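The values are calculated or read from the model by the stated rules, or taken from the named source; none is laboratory data. Here the structure is a predicted model, which is why all the values come from computation and not from measurement. We place every Cβ from the backbone using ideal geometry, glycine too, and count neighbours over all the protein chains shown.
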Amino acid sequence: MDSPGLFVLLCLGVFDQAAASSVEEITWSYSGLIGQSEWSEYFPECGGTSQSPVDVITTQTRFDPSLSPVTPLGYSQHGNQPFTLYNNRHTAIIEMPEWMGLGGLPWLFTAVQLHLHWGNGGSNQRGSEHTINGMSADAELHVVHYNSELYPNMSAAMTQKDGLAVLGILIVTGEETNPGFNNILNYLSRIKHFGQKVFIPAFDIQSLLPEDLGRYYRYNGSLTTPPCYQSVIWTVFHERVQISKAQLLKLETILYSSKAEDPEKMLLQDNYRVTQALNQRVVFTSFSADSGKELSSGEVTAIVIGVMCGCVGLAVIVRFIVKTIRSTSSWDVLHNNRPAPMPRSLFHIITSSLKLCHTSFNCFC
Ligand SMILES: *[C@@H]1O[C@H](CO)[C@@H](O)[C@H](O)[C@H]1NC(C)=O
Ligand SMILES: *[C@@H]1O[C@H](CO)[C@@H](O)[C@H](O)[C@H]1NC(C)=O
């Protein structure tokens, strides 16, 4: 290559780097000077029409039977190399090994990192980014992957359509301690401040996920933090994961967005973005609205009566068959060639059991 060409390339490279680092240097936050409502002034994509998170209104979702379960790849093959956990002032992040990935989507995705969003330990119960019918969960886990079939790395993929696939796991509190989450929570005290980083023992990432990976919401959206690139295929699981109240409180109160040496300490709380307009988008579901739904008392009554009728009918049929076999078999010993009068008795069995079913239905109602 001739030297003027090389010179131009070098200049472009330097320019690119300068532009990139100036964007990185803009210190955004969730509230305050460059809070959520100001993000789009500095990061234009944050003002786009396909932003995340969203409120999933379940009556407006659309069932897509072609959506098969997502399949974590290698999440449990964590090996012996420690994971890296760090505080980036916005959240706690674990870098994931590149052999972990995600299947069940139109392309193969390679895992990059996981992180959490949470509230402030107050009574308002907010903390998740996605909401269902306007209801928040207490916190939310995101597992980020890039499309390694179409793009060479995360930075190339994150700006492109279908570049990323993020799993969203809604977290609520219950009575029991979730041992999977302790693999992270136990080490938060070592990354209290922005910029701190520790190695933690590798663990089974799948232990952070719900059991049912077949039922989820799917839509096209964005990163939920600046620069808000609209490159994410979202999968938000229907099943929530439970942690204890003590575990949630630890998550909500242990980290700071300030540096260790900063005189003014800033708690890292309420690091969730408010829900964004769906605009023309549709949220698809991998499951139909009826399946797994709680049964109404009317439906329960109908099922009980149905089962009763069935049992009574079956008992009658069995009784008649036994009777018929007894009488015909004793007859058969004497008259070997006589055909059993089966059709007639079968007709009798069916009509009488139907009658019985009808009367029992009437008396139960
Ligand atoms: C990502 O891939 C692009 C395109 O091949 C390349 O220019 C860039 O240097 C890569 N970035 C990293 C961080 O590896
Ligand atoms: C996302 O966008 C792509 C391309 O526009 C489209 O083919 C796909 O159906 C969309 N997926 C969802 C879940 O809306």
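Worth pointing out:
- In the stretch 172-180 there is at least one residue matching the filter, namely being in a strand (DSSP E or B), surrounded by 18 or more Cβ atoms within 10 Å (Cβ to Cβ), in the same structural domain as Val112 (by TED's automatic domain parsing) and not aromatic (Phe, Trp, Tyr).
- Test: residue in the stretch 85-104 that is touching a Ser or Thr at 6+ places or on another chain (Cβ under 9 Å), part of a loop (DSSP other than H, G, I, E, B) and over 29 Å from Ser189 (Cα atoms): yes
Here's the yes/no breakdown for (1) outside the structural domain of Ile169 (by TED's automatic domain parsing); (2) assigned to a strand (DSSP E or B); (3) away from ligand 2 (no atom under 16 Å from the Cβ); (4) touching a residue at least 12 places away in the same chain (Cβ under 8 Å):
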residue: Asn220; (1), (2), (3), (4): no, yes, no, yes
residue: Leu223; (1), (2), (3), (4): no, no, no, yes
residue: Pro226; (1), (2), (3), (4): no, no, yes, yes
residue: Gln230; (1), (2), (3), (4): no, no, no, yes
residue: Trp234; (1), (2), (3), (4): no, yes, no, yes
residue: Gln242; (1), (2), (3), (4): no, yes, yes, yes
residue: Ala246; (1), (2), (3), (4): no, no, yes, yes
residue: Lys250; (1), (2), (3), (4): no, no, yes, yes
residue: Ser258; (1), (2), (3), (4): no, no, yes, yes
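- Of the listed requirements (1) over 30 Å from Phe199 (Cα atoms); (2) among the hydrophobic types (A, V, I, L, M, F, W, C); (3) loosely packed, with under 15 Cβ neighbours inside 10 Å, Leu67 misses just one: (3).
- Here Thr159 meets the list (1) farther than 19 Å from Glu211 by Cβ; (2) not in a loop (DSSP other than H, G, I, E, B) almost entirely, failing just condition (2).
- Of all the residues in the stretch 90-103, those that are touching a residue at least 40 places away in the same chain (Cβ under 8 Å) and more than 19 Å from Lys197 (Cα to Cα) number 3.
- Some residue of the stretch 177-195 being in contact (Cβ under 8 Å) with a residue 60 or more places away in the chain, farther than 21 Å from Tyr86 by Cβ and within 16 Å of ligand 2 (Cβ to nearest atom): no
- Hey, Ile132 more than 16 Å from ligand 2 (Cβ to nearest atom), touching a residue at least 40 places away in the same chain (Cβ under 8 Å) and surrounded by fewer than 21 Cβ atoms within 10 Å (Cβ to Cβ) or not: yes
- Residues that are surrounded by 15 or more Cβ atoms within 10 Å (Cβ to Cβ) and assigned to a helix (DSSP H, G or I), drawn from the stretch 147-156: Met154
- Filtered residue count, the stretch 205-218, keeping only those that are in a loop (DSSP other than H, G, I, E, B) and in contact with a helix residue (DSSP H, G or I) (Cβ under 7 Å, 6 or more places away or on another chain): 0
- Among the residues making up the stretch 46-63, those that are assigned to a loop (DSSP other than H, G, I, E, B) and either of a type in the set (Phe, Trp, Tyr) or surrounded by 13 or more Cβ atoms within 10 Å (Cβ to Cβ) (or both) are Gly48, Ser50, Gln51, Ser52, Pro53, Val54, Ile57, Thr61.
- Filter result (assigned to a loop (DSSP other than H, G, I, E, B) and either of a type in the set (Phe, Trp, Tyr) or modelled with pLDDT of 95 or more (or both)) within the stretch 64-80: Asp64, Pro65, Ser66, Leu67, Ser68, Pro69, Val70, Gly74, Tyr75, Ser76
- Filter result for the condition that a residue is within 16 Å of ligand 1 (Cβ to nearest atom), surrounded by fewer than 18 Cβ atoms within 10 Å (Cβ to Cβ) and either of a type in the set (Gly, Ala, Ser) or over 23 Å from Leu251 (Cβ atoms) (or both), over Thr110, Thr159: Thr159
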